[in-house]
Every structure is written in structure tokens, then in C-alpha cells.
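Worksheet: the structure to be examined is printed underneath.
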Number of protein chains: 2
Amino acid sequence: MGMGRPRAFDADAALDQAMEVFWRHGYEGATIAQLTEAMHINPPSLYAAFGSKEGLLKAALDRYTEKRDAWMEKVLGAPTAREVAERFLMEHADAQTDPANPPGCLLVQGGLACGTGSANVPFELAARRNHTEDQLRDRFVRAKADRDLGDGADPASLARYLSAVASGMCVMASSGATREALREIAAVSLKAFEEQSKGDA
Amino acid sequence: MGMGRPRAFDADAALDQAMEVFWRHGYEGATIAQLTEAMHINPPSLYAAFGSKEGLLKAALDRYTEKRDAWMEKVLGAPTAREVAERFLMEHADAQTDPANPPGCLLVQGGLACGTGSANVPFELAARRNHTEDQLRDRFVRAKADRDLGDGADPASLARYLSAVASGMCVMASSGATREALREIAAVSLKAFEEQSKGDA
DNA sequence: CCACATCTGTAGCGAGCACTACAGATCGAT
DNA sequence: ATCGATCTGTAGTGCTCGCTACAGATGTGG
């Protein structure tokens, strides 16, 4: 039995293009016509490879998360909790205003509120945002065990705070905030982190 | 010449219902069928009164902004910049988790990224968010003149920071963050505000 | 009471949506 | 060379979308 005609496009390259469309227009705002045009394929190829529009989003999110995890590994590798926070915020400011990508972050731009037919899309995005917050929290738990964070510091609270600021920068970036504006926000946020992280029990 | 048959519904009450639908499903996720059902009117009444789906959104945003301005007046009336910041953040935490409303904030849930046919919706929302930021900045400029904020404090930077945190809390609220979680974020953020606001030139 | 203006409900319009049937093309296995 | 399997491009499918034509209802001014 034969193995069939081989796929004529690179799935990862196509996913990168789809990612950009979802990023710029949101899940519901992105049409199959726009997606297929950006991916340089026709609808049947899309559906054979990814099953549905939502399947394509998940595949794009998987790819996005891959890159993000590699990036987070670098951030979490900083020697101190304070430097983790600084890298996290500053690199967020830069990434969200990188002219190579649409402004903001796919996990926020993708869609916070959706129609009844796409109700699980916001959940999917939220789960991936929470993953980043969990990574930060785990890192801060370790920092506390290492006496790098004070006894009064709450790893979950600090991680949630950083996550909130990062999401807030997303919103600002999507409405045209400059890189300098986001860096300023990051710098101010860092003050709170420093204050909060030295707290005693 | 007669004045015609009078309108059989209350426009403001209908706008409150429309607001909730946009808030929960976003602009693109909200359908005319859902809107008319919530407003207890039929499509021709909607279009006679508001012109289009986008016209309805703007009317709903105007009404939202009215309430928000009344609320901001109370916030900005606090005696010191620090108390302004505290009220702003804490009341945001409460408002975004008020069970009487959908979670988050309409100005963020409404849609950060939209399809090509609704490209100006994100602008409309961003403009209203910026208005709040401007109000904060103006208040902090006054606080600086009153020697309530240090010479080194930057009113624009502080206002942008608070605005970013508020938007970040929106994102967290929309994915199910509790009121306590948001208050914790607000409390941590306030530390940064205090640090930054006493800065000398 | 009548003419006119505006609203209301029914019913449905064209357009665009996500998605797919189908036929031809291209592979591996025999 | 031929077959089965899988991909590709064309050309649609049915459905839902935002929106509206129309006729009847309900008000005011003369």
C-alpha cells in the first residue's frame, strides 16, 4: 500500500503565518480566506492538516508556546529573583513592540471574549497565560528556599503581579504604546517587586 | 404634521442590556440576534435608534463612559496622589469582579484585535482607555504642583503605570481571577507607586 | 376624522462565513 | 505498470451574519 502524495508545504512555516493572522485580527476576526492566503495553501490542505479553524489555532498556540518556553528558560535562568523579574518585564516590553510581530501578545490579542460558538478559545488562551505565571511562581518558590527572597515574600503573589503587568503591557502595546513607554512601566513595576520581595514574615 | 408613533422601549435600559452582551462576548462575538433578544426589541427598532451594530457599540460605550466618569470623579477627589492610586486600583479590583457585571472591563473585553471590517473598534476602545489615563495624569500634575508628589515623580509615567496595571487586572479577571487575587495585585502595585512618587529630581 | 410621521413585528435579503465534494495529481508498494 | 493512499486546486455547500423592505400600528396636527 502506498503512502500517498506528500504534503507540498511546510507545516511549521504555515503555522508561523497563521499565528501572525490570529495575532493581528484575533481568533474571530481572522477568516479562513485570510489564513489560507497567508499560509499559501488552499482550504482543503488546511483542514486536512489541522482539522478546523480552532484546531489551527491550537496548533499555532503550541508553536507559540514552544518559542515562549525557550524564551522563559532564559528568563528563569537569571541568578536572582529580582533579575528574573527584570528580564521578564523588559523582554516583554521589547517583544510586544517588536516590529517583526503584530503588537502585543497572541495570548491576549487572540481573544478575551468570544461568541458562543468559540467559547473555549478564551479558556485555551488563559491556560497558556497561566502556565507562564506558574513557571514564575515555581522559580520564586525556589528563590525563597535559597534565601534569595525574604520570608515575607509570597511567590504566588509576586508571580501573579508580574503576570498582570505583562498582560497590561499587552493591552497598551496593542493600542500603540511605544517601546519606551512599556520599558518605563516595567521599570516602575520593578520597584514594587523589589519592595515586596524583601518583606519579612 | 404629526410626530409619529412614539418609541416603545427605553433607550438607556436597552443600552445597558447591549453593554452586557458586548462585554461578555466582545464586539465581534456579539450577534444582532443576541443583542435584540437582550434588549427586548426587534432589529428594525435597533437600526432606527442606533444606525448600525457599530453605532450601537458607540452608544453603549458613551453610556459606559458616563458611569465611569462619575466613578473617576470620586477616585480623583481623594486628597493625595497615593490615595488616588489606591482608590483607583482597589475599586478596579472590585468592579472587575462584581458579579452584577461580566468579568473584566468592557473597554478591554470589547475587542483588542478585530477583523478588517471592524478595524476601528479597537481604536474606539483604546481612545476611551486613554481618556482615563489622561485624567490620572492631570490629577498627578496637580499633585506635583501641590508638592504632594516629589520633584522626580513623572505624572505621565505614573498614570501610564496605573493604567497598565488596571488593564492587566482586566485580563486576569476575564480568565477567572478572584477579587482577592486582584486586590493583592493592587496592593503590590501600590508599593511601586509609593516608591516612585517620592523620587527627587 | 383624516393626513402624515414615526415606530413595530414579520419575513427575508445579499454577502460572507467555516467548511467540503470532487476530480486530478503524485507518491510508495507490489 | 498498476493500485491504493494521500495531497492539491476548483468550485462550490449550507448556514449565519448584519441589515432592511414592507405592511400594520400608533402617535400628533389640522
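The values are calculated or read from the model by the stated rules, or taken from the named source; none is laboratory data. From a predicted model like this one, the values you see are computed outputs, not experimental measurements. Note that each Cβ is placed from the backbone with ideal geometry, even for glycine, and that neighbours are counted across all protein chains shown. Side chains are part of the model used for accessible areas, which takes the heavy atoms of the whole protein and leaves out ligands, DNA and RNA. Shrake-Rupley method; radii C 1.70, N 1.55, O 1.52, S 1.80 Å.
Data table
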quantity: Hey, B:Asp62 part of a helix (DSSP H, G or I), closer than 14 Å to B:Glu124 by Cβ, open to solvent by 20 Å² or more (accessible area, probe 1.4 Å) and without any contact (Cβ under 8 Å) to a residue 40 or more places away in the chain or not; calculated: yes
quantity: Failed item, numbered, when B:Gly4 is tested on (1) in a helix (DSSP H, G or I); (2) within 11 Å of DNA strand D (Cβ to nearest atom); calculated: (1)
quantity: Odd one out for A:Arg24, checked against (1) part of a helix (DSSP H, G or I); (2) within 14 Å of DNA strand D (Cβ to nearest atom); calculated: (2)
quantity: Some residue of the range B:158-171 being buried (at least 19 other Cβ atoms within 10 Å of the Cβ), away from DNA strand C (no atom under 16 Å from the Cβ) and without any contact (Cβ under 8 Å) to a residue 12 or more places away in the chain; calculated: yes
quantity: Test: residue in the range B:30-38 that is more than 27 Å from B:Ala166 (Cα to Cα), open to solvent by less than 20 Å² (accessible area, probe 1.4 Å), part of a helix (DSSP H, G or I) and within 13 Å of DNA strand D (Cβ to nearest atom); calculated: yes
quantity: Some residue of the range A:77-95 being open to solvent by 60 Å² or more (accessible area, probe 1.4 Å) and either at pLDDT below 95 or of a type in the set (Ser, Thr, Tyr) (or both); calculated: no
quantity: Matching residues in the range B:1-32 - criterion: being of a type outside the set (D, E, K, R), more than 7 Å from DNA strand C (Cβ to nearest atom) and more than 16 Å from A:Cys114 (Cβ to Cβ); calculated: B:Ala11, B:Ala13, B:Ala14, B:Leu15, B:Gln17, B:Ala18, B:Met19, B:Ile32
quantity: Qualifying position, being among the aliphatic types (A, V, I, L, M) and away from chain B (no Cβ under 12 Å), among A:Leu190, A:Leu162, A:Leu182, A:Leu136; calculated: A:Leu136
quantity: Condition check for B:Arg68: away from chain A (no Cβ under 14 Å) and surrounded by 13 or more Cβ atoms within 10 Å (Cβ to Cβ); calculated: yes
